[in-house]
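Have a look at the structure below, then the notes.
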Amino acid sequence: MRFSFFSLFFESPFVKLKNHANKVKECAWMFKRAVNCYVEQDCEEFDELTEEVAKLESQADELKRNLRNHLPRGIFMPVDKFVFLDCLREQDHVLDDVEEALYWLSFKPMGGIPEELVGDFLDLIDSVIPSIEKIPDMWVQAILYFRSATEENRNNLKSIVRQIYQAEKEADHLEHELKKKAFALLKDPVEIYHVVRVVEIIGDICDHAQNASDRMRTMIAR
């Protein structure tokens, strides 16, 4: 069979991409904790957690470069190589935006999210976390599928893709409502811009997770 034969050659790139996804997942707890620290104002871990996320981003970049530089050449891959690399790029952007969101929060003192928006802001964070955490699960199922190509593996993989899609839709709705609320309740233009920009970056996290899952959908399309 095509998949069992090529799995002899192509296990390494897929496993490496899963390892990169694990780095992305590691940032989820740090991201949520750092945001809670920022909102609570009396937490001393924000800078430390932000630095840890930056270290994870650097480690993920190294994995990304290694994967790009060591893809098999001159041999047909079981998936389109460009779609594979595009999935890696979107996955990498998830971590980039987590880091960027924390940096934008750091531009204002702790407590920079207005009190009347804190609840909605934390709801947005909670909606984003599942899309980050599902990315490694997607690759676990993908590796199983590309080895055996069973319908069960394919259905499991499609289920994770749908879960990421649903998480993105929920986050997109919360992002839209939070921006509307910011414009309705806040008066200071600088404060409005800061909140809206942070919210947009956080929304982008889910967008990139969904984009990665869309590339996976393309890889397994029949």
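The values are calculated or read from the model by the stated rules, or taken from the named source; none is laboratory data. This is a predicted model, so every value here is computed, not measured. Please note: Cβ atoms are built from the backbone with ideal geometry, for glycine as well, and neighbour counts cover all protein chains shown.
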It is to be established whether one or more residues within segment 62-79 are of a type in the set (D, E) and in contact with a helix residue (DSSP H, G or I) (Cβ under 9 Å, 6 or more places away or on another chain).
no
All-but-one check, R68 against (1) surrounded by fewer than 14 Cβ atoms within 10 Å (Cβ to Cβ); (2) at pLDDT 95 or above, failing number (2)
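Taking into account only those residues within segment 101-160 that are among the small types (G, A, S) and farther than 16 Å from S213 by Cβ, which is surrounded by the most Cβ atoms within 10 Å (Cβ to Cβ)? Give the steps one after another, and end with the answer.
Narrowing segment 101-160 to residues among the small types (G, A, S): 101, 106, 111-112, 119, 127, 131, 142, 148-149, 159.
This time we only want the ones that are farther than 16 Å from S213 by Cβ, so: 101, 106, 111-112, 119, 148-149.
Numbers: A101: 26, S106: 15, G111: 13, G112: 17, G119: 11, S148: 14, A149: 16.
Ranking the candidates gives A101 first.
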Is one or more of the residues making up segment 119-131 touching a residue at least 40 places away in the same chain (Cβ under 8 Å) and small (G, A, S)?
yes
Filtered residues of segment 100-150 (kept if under 25 Å from Q166 (Cβ atoms) and aromatic (F, W, Y))
F121, W139, Y145, F146
Pick from segment 169-181, criterion surrounded by fewer than 14 Cβ atoms within 10 Å (Cβ to Cβ) and basic (K, R), ranking: farthest from the chain's Cα centre (by Cα):
K180
Residues to consider are R197, R162, R217; find the one that is within 26 Å of C27 (Cα to Cα) and touching a Phe, Trp or Tyr at 6+ places or on another chain (Cβ under 7 Å).
R197
Please count how many residues of segment 182-214 are within 23 Å of P130 (Cβ to Cβ), over 10 Å from the mean Cα position of the chain (by Cα) and surrounded by fewer than 22 Cβ atoms within 10 Å (Cβ to Cβ).
3
Examine segment 52-63 for a residue that is of a type in the set (G, A, S), outside any helix (DSSP H, G or I) and either touching a Cys at 6+ places or on another chain (Cβ under 9 Å) or modelled with pLDDT under 85 (or both), and state whether such a residue exists.
no
